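Q: Pasting a structure below so you can have a look.
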């Protein structure tokens, strides 16, 4: 399952974002370090189900929308200097090592300072928070590299090791792949033995850029001055104005039958009579959704998984004519795979033995046989034929 980290400074709304996406009870309060241990829960990406295109009823989507589970990790708040042990320190940066991508929750309203303490709305520049997380991650990676750098360089030269392969081995615990290290080294354009500390910091930055893909959730946008939202949107980053508070209110109202709301929708339908306080809140939420196209929570998750990390959805089946599994379930599974994944790699994802005994596959939409090197496309429906 894909693992996504939710990071940011204390009191930016990370736990509210997490709860609104997972509906798991977590501690939420307006003071720093409410989250001590990382919260882990299941959220979902939303995608248009292929059943509509195929003209079948899968029974697994909601009004044509398929929700595919991913894992969310809510990291405790990070303050400037965390890589040196400030705040709750390196242990929480370490929690990000298992995350494939990061949703950086930023207080777009500017109502909390860099430590997460409350100040007046608009008194803090949220752009500084975007910069601080990048710098903390860069310095964290720099510290890891610096500890053994001289030893690493000596071994590469004495043993005539491939720099990319050897560095990948050293960084394997942080989720680095060889192509990521190669890409970062290419940007450096100089021999490792000539690196000084500034070069090593730059190398750490290049590694972070290629490994730690990120989307900025400009949270508390419901009370943010227009000027601050525009400042965030002007950055060379993917920024999504967000109100995790509004999303959480809608999820709870939907769960209790007051409204009809599908996560990611741009509007909702009221189902029960409301009191004046409830009406005012829902009117505020509707105005926000009209302005930004939704609350931003589902959009942040979808944008990171599909647009930034490059995932697509494929549907394995056993009967290519009825689009069912062996028990007659229609389109029972939806897999998230990276663009460029081959059909044989999909076979291994389903089960190692199926991959090992792969014979061929069938594109169930076109009813044509395809080979192991076929690159999967979004919403492909695939039957795999295996000796197992």
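Q: Under 6 Å between Cβ atoms, which residue pairs at least 6 apart in sequence (or on different chains) link something in segment 115-126 that is within 14 Å of residue 78 (Cα to Cα) with a partner that is surrounded by 15 or more Cβ atoms within 10 Å (Cβ to Cβ)?
A: Final answer for the pair search is 115/79; 116/9; 116/10; 116/11; 116/32; 116/77.
Q: Does residue 129 meet the test of being in a helix (DSSP H, G or I) and either more than 22 Å from residue 201 (Cα to Cα) or at pLDDT below 75 (or both)? So that I can check it myself, show each step before the final result.
A: Numbers: in a helix (DSSP H, G or I): yes; either more than 22 Å from residue 201 (Cα to Cα) or at pLDDT below 75 (or both): no.
For residue 129, the condition - in a helix (DSSP H, G or I) and either more than 22 Å from residue 201 (Cα to Cα) or at pLDDT below 75 (or both) - is not met.
Q: Answer with yes or no whether residue 224 is in contact (Cβ under 8 Å) with a residue 40 or more places away in the chain and surrounded by 14 or more Cβ atoms within 10 Å (Cβ to Cβ).
A: Working: in contact (Cβ under 8 Å) with a residue 40 or more places away in the chain: yes; surrounded by 14 or more Cβ atoms within 10 Å (Cβ to Cβ): yes.
Judged against the criteria, residue 224 is a match.
Q: Right, here's the next one. Tell me, yes or no, whether segment 249-260 has at least one residue that is assigned to a strand (DSSP E or B), in the same structural domain as residue 96 (by TED's automatic domain parsing) and surrounded by fewer than 21 Cβ atoms within 10 Å (Cβ to Cβ). Can you show your working first?
A: In the first step, residues of segment 249-260 are kept if they are assigned to a strand (DSSP E or B); the result is 259-260.
Add one more test, that the residue is in the same structural domain as residue 96 (by TED's automatic domain parsing), and what stays is 259-260.
Add one more test, that the residue is surrounded by fewer than 21 Cβ atoms within 10 Å (Cβ to Cβ), and what stays is 260.
Yes, some residue in segment 249-260 is assigned to a strand (DSSP E or B), in the same structural domain as residue 96 (by TED's automatic domain parsing) and surrounded by fewer than 21 Cβ atoms within 10 Å (Cβ to Cβ).
Q: Same structure again: From the list 82, 99, 76, exactly one residue is within 30 Å of residue 331 (Cα to Cα), at pLDDT below 90 and buried (at least 20 other Cβ atoms within 10 Å of the Cβ). Which is it?
A: On the way: 82 fails: within 30 Å of residue 331 (Cα to Cα); 76 fails: within 30 Å of residue 331 (Cα to Cα).
99 is the lone residue from the list that is within 30 Å of residue 331 (Cα to Cα), at pLDDT below 90 and buried (at least 20 other Cβ atoms within 10 Å of the Cβ).
Q: Given 42, 62, which one is farther than 30 Å from residue 206 by Cα, loosely packed, with under 15 Cβ neighbours inside 10 Å, touching a helix residue (DSSP H, G or I) at 6+ places or on another chain (Cβ under 9 Å) and modelled with pLDDT under 95?
A: Answer to the check: 42.
Q: Kindly indicate whether residue 107 is farther than 17 Å from residue 203 by Cα, surrounded by 18 or more Cβ atoms within 10 Å (Cβ to Cβ) and outside the structural domain of residue 300 (by TED's automatic domain parsing). Reasoning before the result, please.
A: Details: farther than 17 Å from residue 203 by Cα: yes; surrounded by 18 or more Cβ atoms within 10 Å (Cβ to Cβ): yes; outside the structural domain of residue 300 (by TED's automatic domain parsing): no.
Taking the combined requirement at face value, the residue does not satisfy it.
Q: So, in segment 165-185, exactly how many residues are part of a helix (DSSP H, G or I) and more than 16 Å from residue 200 (Cβ to Cβ)?
A: At the first step, the residues of segment 165-185 found to be part of a helix (DSSP H, G or I) are 165-170, 172-174, 178-185.
Then drop every residue that is not more than 16 Å from residue 200 (Cβ to Cβ), which leaves 165, 168-169, 172-173, 178-180, 182-183.
Summing the residues that are part of a helix (DSSP H, G or I) and more than 16 Å from residue 200 (Cβ to Cβ) in segment 165-185 gives 10.
The values are calculated or read from the model by the stated rules, or taken from the named source; none is laboratory data. Small disclaimer: the values here were computed from a predicted structure and weren't measured. Every residue, glycine as well, gets a Cβ built from its backbone with ideal geometry; the counts of neighbours run over all protein chains shown.
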